[in-house]
Structures are given as C-alpha cells and as structure tokens.
Amino acid sequence: MNQFILMLVLTLGGVGLSGVRILSQGNEALVETLGRYNGKKLKPGPNFVFPGLDRVVFKETIREKVLDIPPQQCITRDNVSITVDAVVYWRIIDMERAWYKVENLKSAMVNMVLTQIRAEMGKLELDDTFTARSQISELLLRELDIATDPWGVKVTRVELRDIVPSKAVQESMELQMSAERRKRASILTSEGERESAVNSARGKAEAQVLDAEARQKAVILEAEAQQKSIILRAQAERQQQVLKAQATAEALQIVAKTLKTDPDAHEALKFLLAQHYLEMGTTIGSSGSSKVMFMDPRSIPATLEGMRSIVGDGSTHANNHNSKLDPAANLGLS
C-alpha cells in the first residue's frame, strides 16, 4: 500500500514537472488546448501547461531580428541586368498573427522583400540605382511595413548592401567613366589655357595703357617744363634789357652832366672812347666769325674828333631818351 502511494506521488510529481515551461526574457509562446487556440500565451519566466491537454505550438522572440536577403537578378527600366542584395531589420509584435496568418513567416518575408526589390529596381534606370540608394531603402521600408502588417510583423529598417551590374555593363561603365574623365580633363585644360591667354592679353593691354599714360605724362611735364623755361628766359632777358637800358640812360645822364659842368671832361671822354674803340676791335678780332679790320694810326685823331661830335649829339639824344623813359629826369640839354 505504501509502495502504491509512493508510486502515485512520483507519477503525479513527474506529470506536474512535465507541465512546467520556463521562457527566457524576450521570448513568448502560444499554447493550444486540445488543438484549439484559446488565447493562452506563455510569458517570460515559469509557466504551467496541462500535459496531454496543452501543447506549445509556437515559440519565438519578440526582439528585433535581421533577415539576410540573398543576391538576386533585377532588370532596370533601361533593360540593364544588375544583382542586388539587402538586409531587413524586423520584429514580431503580434505572436498570434505571426503564427496563424502565414504558414512560414521567414520564407514569406524573404519572398516579399525580393518582390519589392525587383519592383522598385524596375522603376529606375541604372544611373539612378546608384545615386538613389537611400530613397530606394525608404520606399522598400514603407512598402514592406505595410505588406507585413497583417502578419503581425514590424519592419524597422531596410538597407541595400550591394548593387552590382553585369560584367559587360561594368566594362562599358568603366569606359564611359574614363572617357568622361578625359573629357573633363580636356575641358579644364582648355579653360585654363583660355584664362591664361585672357590674363596675358589683359596684362599686356594694361601695361600698354600704363606705358602710354606714363609717356603722355612725361611729354606733358616736359612741355610744361620747356614752357616755364622759355617764360623764365624771356622774363630774364626782358629784365636784363630793362636793366641795361636803365644803366645806359643813367650813364648818358652822368656823361651829359659831366660834359656840361666840366669843360676838361672832353679830353677824358676822348681817352675813354679811344680805349673802348680799341677794346671793341680786340673783341671783334677774337670772335669766331671775326673780320680783318685795318686802321691807319694817323687817322685816329680824326676819328676821335668825329666821335666827339657824335658824343655831343649822343648827349642830346640821351637826354631826349631819358626824358622819354622818365619825364622827371629831363635835364633840358637840347
């Protein structure tokens, strides 16, 4: 009897222990009772199910997971074959729909992503697939999130990893890029040469203008200097002539006064005139354009007598000249 009771206790204990289910944090499980789901869900931690009646049909994590999409062939709008692969970040937000709305969630997700990638790539040309990578990822995210919502799945991120054209397309693209680089280099070289020529011509033109302006200023300054020099020389000559005329007038006045007041001054005047006459001959003889002048020594007294009469007349003319120059200086020697 005691053995039977012990066996019964052990059997019931074994059955009880077999109904305990422990789930880790971040996991959930669905339980069917006699093949029917009645909303029973196992949470993280210890849970109890009735052995033989309850059965755990689906256990999955509710954390975010990564779905690796294998490379696939796509055709762009301009009929170019490319290979595209991607990664999708997703998580289950409703365990019931993830199990009961689709038979194989992961396979359905992969096929859905492949279909959406082909559809989006078919809308773009080859060049756009490289430049619009982020826009394509955003479109795929929005479309996949809407398409997988009935399955209780939330798509959080989609990233295109590689977009690889075929080998023939790659070769043609490399040739195109090489030609484009050579074209840009040629354009840059020609633009540089044009700018250099323009700058050189502009520099020469500016140099010629500056040189012409400098020559013009030099000519103007030289002309102004010559004009000032001529004016100064003319003023100097005029002043010299005025001073010479004034000196002559004063000398004639002195001679006239002396001759009037001193009768013996005539002899001194003869000597001075003879000396001046001789000095004038010496000056004429020493000049470069001199002429030979012959004078008879015996004719000198007659010459002096004639000069005396000239001096007498000269004194009268000097007085008249002085009276014209200065009316206050009229001496009345007529």
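With every protein chain present, what is the per residue accessible area of region 165-220 (1.4 Å probe, Å²)?
Value for region 165-220: 85 Å² per residue.
Determine the share of region 136-207's accessible area contributed by carbon and sulfur atoms, expressed in whole percent, with a 1.4 angstrom probe.
Looking at region 136-207 in its full context, I get 53 percent from C and S.
Ranked highest first by average number of other Cβ atoms within 10 Å, how do 29-41, 176-188 line up?
Highest-to-lowest ranking by the protection proxy: 29-41, 176-188.
Keeping all protein chains in the complex and leaving out DNA, RNA and ligands, what accessible area do you get for Lys228 with a 1.4 Å probe, in Å² to the nearest 10?
Probe radius 1.4 Å; accessible area of Lys228 about 130 Å².
What are the extents of the Cα atoms of region 129-195 along their three principal axes, in Å, largest first?
Computed over region 129-195, the largest-to-smallest principal extents equal 66, 31, 13 Å.
Put +1 on the Cβ of every Lys and Arg and -1 on every Asp and Glu Cβ in region 28-118; which of Val113, Tyr37, Trp99 then has its Cα farthest towards the positive end of the dipole?
Result: Tyr37.
Just how large is the dipole of region 161-230 about the Cα centre, in debye to the nearest 20, putting +1 at every Lys and Arg Cβ and -1 at every Asp and Glu Cβ?
160 debye
Considering the alpha-carbon set of region 34-128 alone, what are its Rg and its Dmax in angstrom?
19.5, 62
With a Förster radius of 30 Å, plug the Cβ-Cβ distance of Glu195 and Glu174 into 1/(1 + (r/R0)^6) and report the FRET value to the nearest 0.05.
Calculated value: 0.45.
Which sequence of Arg97, Arg157 reflects their accessible areas, 1.4 Å probe, from the largest down?
Largest accessible area first, the residues go Arg157, Arg97.
Would you list Trp151, Trp90 from the most to the least accessible area, probe 1.4 Å?
Trp151, Trp90
Amide H to amide H under 5 Å from Lys40: which residues, 5+ apart in sequence or cross-chain, H placed 1.01 Å off N in plane?
Val31
The values are calculated or read from the model by the stated rules, or taken from the named source; none is laboratory data. Since we're looking at a predicted model, the values are computed, not measured. Here the Cβ is made from the backbone with ideal geometry for all residues, glycine too, and neighbour counts use every protein chain on show. For accessibility, only protein heavy atoms count, side chains too; no ligands or nucleic acids. Shrake-Rupley method; radii C 1.70, N 1.55, O 1.52, S 1.80 Å.
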